[in-house]
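The values are calculated or read from the model by the stated rules, or taken from the named source; none is laboratory data. This structure is a prediction, so every number in the text was calculated from the model and none was measured. No Cβ is skipped: glycine too gets one built from the backbone with ideal geometry, and neighbour counts run over all protein chains shown.
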Amino acid sequence: METEPRVTLPVGILGVGVAVPSLRIDAAEIARAWSASARGSLAVPDADEDTLTLAWAASLMALDAAGVRPDQLDGLFWGTTRPPLAEGPSHVFLATALGIDRRAGGHLSSGSTHSGMDALVSAWDALGAGHVRTALVVASDALVPGPGSAVETTTGAGAAAYVLGPVAGAPGMLAYRTTDSLPVVDRYRGDGAFATSDTYDGRLFRDKVFMPLVSRVAAELCRAPGADGGTGPHDWSIADPDGRLAPALARSIGANLISAEVTGSLGDTGAPAAFLGAMTAMTAPGSFAMVAYGGGRATAVLAGSTREVPGARGALALLGAPAHTASYPQLLRSRAQLVSSGDPVPMGVPPGSAAFVRGNLEMLCLRGARCEDCGYISTPPSIHPSCAGCGGDRMTIVDLARAGTVETFVVNETMPPPFTAPLPLAVIDLDDGARVMLQGVSEDAPDLAIGDRVQLVLRRYGVERGIPVYGYKAARPPHQAGVAPSPHQTDAARPPHQAGVAPSPHQTDAARPPHQAGVAPSLRQARNRGGSR
Amino acid sequence: MSWNRVAVVGAGLVKFGELFDQSYEQMAAGAFRAAAGHVDKGFDPREVDAVVVATQRGTLWGQEGIGGNTVPSALGISGVACTRVENACPSGSDAFRVGAMMVASGVHQVVLVIGVEKMRDKSSQEGLLSRAASGHPVYNRGETAPVLFAPFATRHMHDFGTTPEMLAAVAVKNHHNGCLDPYAHFRYEVTVDQVLSSPPVCHPLRLLDCCPQTDGAAAVILTSAEDAGRYTDKPVLVAGFGVATDHPYLHEKSTFLALPATVEAARRAYAMAGLGPEDMDMAEVHDCFTITEILDIEDLGFVDKGKGGPATLDGTTSLGGRIPVNPSGGLLAKGHPIGATGVAQLVECTWQLREEGGERQVAIRNGNALQHNVGGRGSGVSVVNILTRNR
Ligand SMILES: [Zn+2]
């Protein structure tokens, strides 16, 4: 198939972002449970993280880096192998939580790890056609491999996001792409199946599927117009299903593999893999290639930057940041593959209820009702027809600040399924004066304290009758760099990063000393309620 | 000048505990017979012309539609007027207040106030206190019962230097009192070390900081103050009461150092009774968790704000102390069968004022006793009743 390279219109990369789940596990620990061996470390989601929450965090980081507000986007292009709902409003849930205009376009690509590249290509084409001026592309995955399967010791999780726009003046650009395919059944999950499975013998996949297909798109990319005189770019990020294929391919085509470090620490992140591995290339000027594989398809993209792409350095730091180590049982619990025999506690109000139709916007957009008489902000608005501060009924719906200070908290240690202890719950004084009570994240449980600065991050509160329910949780930074920009908040007000994310052993003394001197001054709203106090 | 229009002429209860061998109806009948048997000059059950039932939730034993109206038949007095009062943890104390107002109105002459709760027909995993499904489906997800009080402990410890040892002192005291109360669920002593080494439940609270889930029933018989002499020469009068609500969600609390509903309910009750905290000889207060009793004794005015911990540690609230609190063992040791709890506290106050408290009898100097509950989502409601033996 030697044909003339097609012309591709270049588009600009305005900013990038990433997200990684909060837990890591050594592949060897998983393998040990099955009397096998494995190498490397894997990034794995906690029970309240999934592909949507990761996509949310990466998207906000990219938008922030690009200096683009969510309401300026013409489309959200989301690629994830396995969306949170096989059928359902996955795309609109993400778009709503991001604050993207509800009339904006875009679409959801899924079905294989090539879906991230599908999303990028779709946005690229929409920009090239002039239908879209500014697009958000996010690729994310938090796949569920079967326990004991070969893919279990390689499956990681993560997300990468690009804000794409006009090429003129953009710090980065997508220049050219090639794609190819083979009708093979490699990795799959049938209708109704919970876990992803592998079909082929590893050697068969390597010799007859991955290497020939990916070699072809790579070779064709090297012949691209302007691709460094037919030799192709020096730096290559190559999605790697097992941690050994990308180095082998790079050797065979004489490329410098830049994605090996990310693959080694996060595992095969699936849909975002090619993009995560390329973050390092965008910290300096130069050209690079990104190669995605999945579902019998491979696509190679020639990209480049004329200067550091906003977000790339922060992305790199986040990819290399230390994280909490999960045990294998904890990982299995978080994936609902190790389940308590007790009946799980149902949500008091099921997701099929009208309460969720009334309440989804205020939950996903994190809204409050500001009293026009006294300024008190009641949350959530739908259950506060009267001001909790003064009893008045003249309210304006507002977006809440996304950061605040812990006023008080508990750590719930005894919880029936589906909860997993320890679960912090905290009363947070937000920076706009509103107060909320939300769950915390498990990694903050050992040493959460009054006065701690927290950010509100989107998490999955539960999967109720198969339907994921999302809401915000309070997390101390650094957690996921993606923190929703608040209309009330300037950069200067962002919380300082707290040192040391390593978990300290849970204090066994009931006494947690009332340390935390120098608590940040509380912006608690004045509570001029009636009554005698 | 106290209200004193209504009298308690009989008060009784069943032994609290895991009453696996008694049905809801059997517990109710046991409490009624105990109260009737307590009436000095004899009591014919048919004299009851209205019943007020306090049961917080029938779903705890699989009876979604329990309406209280099943109780009179179980008591052998089918046909009387009957109303159920549900007001969260203060259900029993509010039923008492409602019963008193029914008598004071002149509409009813002899009112039975009976609290009944069946909590252990379901496993503790399925019980009320381990469920985390009340309130908003997302904003309140994960709020088990201790979550509604533990944030106050965190803040109280932070601001006032209240220590885990001070919290533990509440459990130690109430378990000791429970050993002296033949009706208590738990009748064993605990030490500070045992409390501090018990399993964490909801930081900063540990297992022995928490009350158990208990089956139980308690009853009092009310008449007008004028009619009381037909039944007893030692009537205990309703001196006053107060009820107050507060915002039901924790993030709407004006403070994490006090329970505003308690403060306001107490203010109203003291005003109605023409009495103050210094006039009380003892109190039965809501100690669902150790921190709750520390908040209560501050909010009720027995000790200064912030001093509840040290006061417990130094014996101020012990049986021989300045203001004995929870001589019955409290919710922590006697148990917390929700609807029955408040009524049982009023039984204890009645017995103490009549100096029928046995080994746990406190010194009656002023002749007044206070009973208190607080609860609901985010301590959104509190009831205070004040009893007196002074005419
Ligand atoms: Zn207001």
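Quick grid of which residues meet (1) of a type in the set (Asp, Glu); (2) within 14 Å of chain A (Cβ to nearest Cβ); (3) farther than 30 Å from B:Ala34 by Cα; (4) buried (at least 24 other Cβ atoms within 10 Å of the Cβ):
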residue: B:Pro199; (1), (2), (3), (4): no, yes, yes, no
residue: B:Glu226; (1), (2), (3), (4): yes, no, no, no
residue: B:Gly229; (1), (2), (3), (4): no, no, no, no
residue: B:Val236; (1), (2), (3), (4): no, no, no, yes
residue: B:His247; (1), (2), (3), (4): no, yes, yes, no
residue: B:Thr255; (1), (2), (3), (4): no, yes, yes, no
residue: B:Glu278; (1), (2), (3), (4): yes, no, yes, no
residue: B:Phe289; (1), (2), (3), (4): no, yes, no, yes
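Taking segment A:223-242 as the range and being modelled with pLDDT under 90 and farther than 14 Å from A:Gly304 by Cα as the test, the residues that pass are A:Arg223, A:Gly229, A:Gly230, A:Thr231, A:Asp242.
Examine segment A:197-213 for a residue that is assigned by TED's automatic domain parsing to the domain that holds A:Val20, surrounded by 15 or more Cβ atoms within 10 Å (Cβ to Cβ) and without any contact (Cβ under 8 Å) to a residue 24 or more places away in the chain, and state whether such a residue exists. Yes: segment A:197-213 contains one or more residues that are assigned by TED's automatic domain parsing to the domain that holds A:Val20, surrounded by 15 or more Cβ atoms within 10 Å (Cβ to Cβ) and without any contact (Cβ under 8 Å) to a residue 24 or more places away in the chain. Of everything in segment A:352-369 that is surrounded by 15 or more Cβ atoms within 10 Å (Cβ to Cβ), more than 13 Å from the ligand (Cβ to nearest atom) and of a type outside the set (A, V, I, L, M), the residue that is nearest to A:Glu464 (Cα to Cα) is A:Phe356.
Here's the yes/no breakdown for (1) surrounded by 20 or more Cβ atoms within 10 Å (Cβ to Cβ); (2) not in a helix (DSSP H, G or I):
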position: B:Glu264; (1), (2): yes, no
position: B:Pro310; (1), (2): no, no
position: B:Ile323; (1), (2): yes, yes
position: B:Pro327; (1), (2): yes, yes
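Among (1) crowded, with 24+ Cβ neighbours inside 10 Å; (2) within 16 Å of the ligand (Cβ to nearest atom); (3) more than 11 Å from chain B (Cβ to nearest Cβ); (4) of a type outside the set (Asp, Glu), which single condition is A:Leu400 missing? Exception for A:Leu400: condition (2).
Can you confirm whether A:Arg313 is away from the ligand (no atom under 16 Å from the Cβ), touching a helix residue (DSSP H, G or I) at 6+ places or on another chain (Cβ under 7 Å) and more than 14 Å from chain B (Cβ to nearest Cβ)? Yes; evaluated as a whole, the condition is true for this residue. The set of residues in segment A:378-389 being assigned to a loop (DSSP other than H, G, I, E, B), more than 9 Å from the ligand (Cβ to nearest atom) and facing another protein chain (nearest Cβ under 10 Å) consists of A:Thr379, A:Pro380, A:His384.
Listed by position, the helices (runs of 4 or more DSSP H) contained in segment B:86-186 that have at least 2 residues being in contact with a Gly (Cβ under 8 Å, 6 or more places away or on another chain) and within 14 Å of another protein chain (Cβ to nearest Cβ) are B:150-160, B:164-179.
Among the residues of segment A:422-433, those that are more than 9 Å from chain B (Cβ to nearest Cβ) and under 25 Å from the mean Cα position of the chain (by Cα) comprise A:Leu430, A:Asp431.
Quick check: is even one residue across segment A:296-311 crowded, with 24+ Cβ neighbours inside 10 Å, under 16 Å from the mean Cα position of the chain (by Cα) and β-branched (Val, Ile, Thr)? The answer is no; no qualifying residue exists. Would a scan of segment A:370-377 turn up a residue that is away from the ligand (no atom under 16 Å from the Cβ) and either basic (Lys, Arg) or in contact with a helix residue (DSSP H, G or I) (Cβ under 9 Å, 6 or more places away or on another chain) (or both)? Within segment A:370-377 (the criterion being away from the ligand (no atom under 16 Å from the Cβ) and either basic (Lys, Arg) or in contact with a helix residue (DSSP H, G or I) (Cβ under 9 Å, 6 or more places away or on another chain) (or both)), the answer is no, since none of the residues qualifies. Within this structure, A:Ala284 passes the test of being of a type in the set (A, V, I, L, M, F, W, C), farther than 21 Å from A:Leu143 by Cα and without any contact (Cβ under 8 Å) to a residue 60 or more places away in the chain. Against the test of being aliphatic (A, V, I, L, M), at the interface with chain B (Cβ under 9 Å from one of its Cβ atoms) and either more than 26 Å from A:Pro70 (Cα to Cα) or within 16 Å of the ligand (Cβ to nearest atom) (or both), the options A:Val410, A:Val436 yield a single qualifying residue, A:Val410. Taking A:Val121 as the residue in question, decide whether it is among the hydrophobic types (A, V, I, L, M, F, W, C) and more than 16 Å from the chain's Cα centre (by Cα). Yes: the conditions hold for A:Val121. Just one of (1) within 14 Å of the ligand (Cβ to nearest atom); (2) surrounded by 23 or more Cβ atoms within 10 Å (Cβ to Cβ) fails for A:Pro424. It is (1). For A:Met347, the requirement of being assigned to a loop (DSSP other than H, G, I, E, B) and aliphatic (A, V, I, L, M) is met. Looking at segment A:351-358, is at least one residue more than 13 Å from chain B (Cβ to nearest Cβ) and in a helix (DSSP H, G or I)? No, every residue in segment A:351-358 fails to be more than 13 Å from chain B (Cβ to nearest Cβ) and in a helix (DSSP H, G or I). Among residues belonging to segment A:1-45 that are surrounded by fewer than 20 Cβ atoms within 10 Å (Cβ to Cβ) and polar (S, T, N, Q), point out the one that is modelled with the highest pLDDT. Top of the filtered list is A:Ser41. Inside segment B:1-28, residues that are surrounded by 21 or more Cβ atoms within 10 Å (Cβ to Cβ) and either closer than 22 Å to B:Pro337 by Cβ or among the small types (Gly, Ala, Ser) (or both) make up a count of 12. When each of A:Gly264, A:Gly243 is tested for being touching a strand residue (DSSP E or B) at 6+ places or on another chain (Cβ under 8 Å) and closer than 20 Å to A:Pro322 by Cβ, the lone residue that passes is A:Gly264.
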